[in-house]
Amino acid sequence: MIVSCACFASMWMMIRAVSQAVHSFEVVFFRNLIGTLVLLPMLLHTPGLLRSDKIGSHLRRATSGFIATLATFYAVAHAPLATVMSINYTAPLFATLGAALFLGERIRARRVAAVAVGFIGMLIVLRPGSVPLTTGVLVSMVSAVSTAFSIVAIRALVASDDSRAVTLWAFLLMLPPSLIAALFVWTWPPASAWPLLIAIGVVAALGQLSLSRAFSLAEASAILPYDFVRFGLITLGGVLIFGERYDALTLLGGAIILGSTIYLALREAKVARDARAASLPETPS
């Protein structure tokens, strides 16, 4: 999980830097192209990894992932990094609502309270009426909602599919539409941008793989607290590299949002353990 956090934090830094010379839609295309090339050896080593029996589910996951990636890359290029990060942390909150609506999961009072607290944290970050809602901030909200749909889709897929296949399908299916989006704003990247574009694709693939691996090794409740590393690295990078300045309320709101998502993960883990315990046969006394 720490490797994943480092990969995604460095990717955000490189997105912000390269977006000064290359449109964010083109950056998304090169992210998918380079990431696919990085993952191809894994496919060649495991020929039966990709199965087409759930292509519809993979298409839905790739669609939401494509929208989320476009929106996230645009927001990172046009809004303060800590603000985008804080809003991005609301994705698990939206995912909780989405799981109830689309997967039929029951949401009990404590989870409803955690979701409500998380959205209060988002209001602290946004402060409607006092903080300007720029295009970058609005697009980051689109990113959070579409990321939530991806989370719901991934949860449904990894229950029966190899997590590596879920990652590879996402890169493959997002590649054609990202090329189409990039063609509308296409200009050839300058030579100085190519190292960053290649690095973005590499760390995106490694970040996705390490994240999937982390969730296969431990419960979300044990992993999610380490996401503070990503928040800290991105906030620090915004200050040291790009000279951004954040007020206390933005950081407080981000901490509240992340805290509520960690609480949701802990509650889900407890409910799962209780369900497993209830399903075990009673031993005779």
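What to note about this one:
- Counted by Cβ distance under 13 Å from LEU70, the other residues give a net charge of 0, where Lys and Arg count +1 and Asp and Glu count -1.
- Under the combined filter of DSSP loop state and at most 14 neighbouring Cβ atoms within 10 Å, region 117-187 retains these chymotrypsin sites (Phe, Trp or Tyr not before Pro): PHE184, TRP186.
- Cα-based Kirkwood hydrodynamic radius, region 1-85, one decimal, Å: 14.6 Å
- Shape call, region 47-190: gyration tensor on alpha carbons, a/c limit 1.5: oblate
- Using all pairs of distinct alpha-carbon atoms, the Kirkwood hydrodynamic radius of region 142-186 works out to 12.0 angstrom.
- Note on TYR246 and HIS45: the model spin-label points, each 7 Å out from Cα along the C-beta direction, lie 3.6 nm apart.
- Neighbour counts of other Cβ atoms within 10 Å put ILE151, ILE2 in the fewest-to-most order ILE2, ILE151.
- Note, ³J(HN,Hα) from phi for region 36-49, Karplus 6.51, -1.76, 1.60, rounded to Hz, x at Gly and Pro: 4, 4, 5, 7, 4, x, 5, 5, 5, 6, 10, x, x, 5
- Ranking of ILE34, ILE55 by count of other Cβ atoms within 10 Å, fewest first: ILE55, ILE34
- Cα gyration tensor category, rounded, prolate or oblate, for region 108-155 with a/c compared to 1.5: oblate
- Highest-first arrangement of 197-204, 80-87, 175-182, where packing means the average Cβ count within 10 Å: 80-87, 197-204, 175-182
- Rg/Rh for region 2-275, where both radii come from Cα atoms and Rh is the Kirkwood radius: 0.95
- For region 115-267: rounded, prolate or oblate by the Cα gyration tensor [a/c cutoff 1.5]: oblate
Since every read-out is calculated from the coordinates, none of them should be taken as a lab result. Just so we're clear, the structure is a prediction, and the values are computed from it rather than from any experiment. FYI the Cβ positions are ideal-geometry reconstructions off the backbone, even for glycines, and counts take in every protein chain you see.
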